[in-house]
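J.: Structure incoming, see below.
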Amino acid sequence: MSIHQPSAASAHSAPSPQPESVRLTGIAHGGGCACKIPPGELEEVVSGLGPQTAENVIVGLDDGDDAAAVRVREDLAVLSTADFFTPVVDDPYDWGRIAAANALSDIYAMGGVPTVALNLVGWPREVLPFELLTEVLRGGVAVASQVGCPVIGGHTVDDPEPKYGMAVTGTAHPEHLLRNDAAEASMPLTLTKPLGLGVLNNRHKATGEVFEEAVETMTQLNAEASAAAVHAGLRAATDVTGFGLLGHLYKMCRASGVGAVLERSAVPFIGAAESSLAEGFVPGGTRRNLDWVRPQLHCGPGITEEDLLLLADAQTSGGLLVVGELPGHPVIGEITAAPGISIR
């Protein structure tokens, strides 16, 4: 499947209307990054694969970082990642945009620049018209074109559930990578996007309500935040996606041999997230995230179960969690020498 790069005008043109009877989120059992295999189960699966011993592998499977990094020259590392998921919204064009932003985010979370992308598609060809798939692919190309990343091929399969994403290759300087095993005690924690996307996507799937702030957040690229972190000489980061803030923070702390303190009041949330949680819209992935990380948590007075669910909420195309300060983004806590995650 070859997808040719459209002109800038066509890449950003308004999507064609979809059939009103089709709700993409109603065809899939889950939505977005909330449909990931739970973190504990996934780690059990990959634990039998063994360490990466190739001399040129800088970042491999060992710590579950956001992308693989392979040194090809002293001043050049190639980054590689793949990410795809079931529909997170009903609008096919927006789903394509969100999935592309999410896949590109793995490269930005490593401090890299995306170079080329390939489409990954599963499509129920006897259930959904191909016109919808065209809109999904147009959305993906539109987002990738914002940062000059050509989408020049891919792979499709006939699938009972629709799935879309990208395999992305990028580049970075080997000495300027952002890694999840490089967090150091006494450094601040910065979060570049608000939380609550999983809750709102769950509500959208159940009710059809559209939350424009959530769509805008999910389609926002992490390019500027990543470049700012690299320019500032920061060394540790990860993106906050399906395992939630608590899950990705725990993975970073474990890989780096440190702990963390979170300030609940400093963590930003999308406007309707807390009220939607109170109404019972909680993804199964969010609950699984909290179950996985709960043994690592030390909660201060006033921290409720609802607070923990929001902090563990399964995000789709979330922001970067950066060890260090980035102007314009909130500091939500600090890395500590003591293990565990304290929430106060």
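J.: When the dipole is taken about the Cα centre of the chain, and only Lys, Arg (+1) and Asp, Glu (-1) are charged at their Cβ, what size is it in debye, to the nearest 20?
T.: In total the dipole reaches around 160 debye.
J.: Let me ask something else about it. Given charges of +1 on the Cβ of Lys and Arg and -1 on the Cβ of Asp and Glu, with all other atoms neutral, how large is the dipole of region 178-343 about its Cα centre, in debye to the nearest 20?
T.: Using Cβ point charges on Lys, Arg, Asp and Glu, region 178-343 gives about 540 debye.
J.: By the gyration tensor of its Cα atoms, with a ≥ b ≥ c the square roots of the eigenvalues, what is the shape of region 219-344: rounded for a/c under 1.5, prolate for a/b over b/c, or oblate?
T.: oblate
J.: Any idea how many Lys pairs in the chain come in under 19 angstrom at the alpha carbon, given 8 or more places apart or on separate chains?
T.: Close lysine pairs under the 19 Å cut-off: 5.
J.: Could you list Ile27, Ile343 so that the one with the fewest beta carbons within 10 Å of its beta carbon is first and the one with the most is last?
T.: Taking fewest neighbouring Cβ atoms as first place, the list is Ile27, Ile343.
J.: Glu263 label point, 7 Å along Cα→Cβ, cut-off 13 Å on backbone N: hits in region 182-218?
T.: 188-191
J.: Beta carbons within 10 angstrom, averaged per residue: use that to sort the peptides 73-80, 114-121, highest first.
T.: Averaged packing, sorted descending, gives the order 114-121, 73-80.
J.: Would you mind counting up the charge near Gly233? Only other residues with Cβ under 13 Å from its Cβ, with Lys and Arg at +1 and Asp and Glu at -1.
T.: Taking every Cβ under 13 Å from that of Gly233, the sum is -2.
J.: If a/c stays under 1.5 just call it rounded; otherwise compare a/b with b/c (prolate if a/b is bigger, oblate if not). Do that for region 22-147, with a ≥ b ≥ c from the square roots of the Cα gyration tensor eigenvalues.
T.: It is oblate, given that a/c is not under 1.5 and a/b is not larger than b/c.
J.: Using only the Cα atoms of the chain, build the gyration tensor, take square roots of its eigenvalues as a ≥ b ≥ c, and label the shape rounded, prolate or oblate: rounded if a/c is under 1.5, else prolate if a/b is larger than b/c, else oblate.
T.: oblate
J.: For the charge dipole of the chain, defined by +1 on Lys and Arg C-beta atoms and -1 on Asp and Glu C-beta atoms about the Cα centroid, which residue among His204, Phe281, Ile107 has the Cα displaced farthest towards the positive pole?
T.: The residue sitting most towards the positive pole is Ile107.
J.: How do 211-221, 187-197, 240-250 rank on mean C-beta neighbours within 10 Å, highest first?
T.: Taking the mean over residues of other Cβ atoms within 10 Å, the ranking is 240-250, 187-197, 211-221.
Every read-out reported here was derived from the displayed coordinates using simple, explicitly stated rules and does not represent laboratory data. Quick caveat, the model's predicted, so the values are computed rather than measured. FYI the Cβ positions are ideal-geometry reconstructions off the backbone, even for glycines, and counts take in every protein chain you see.
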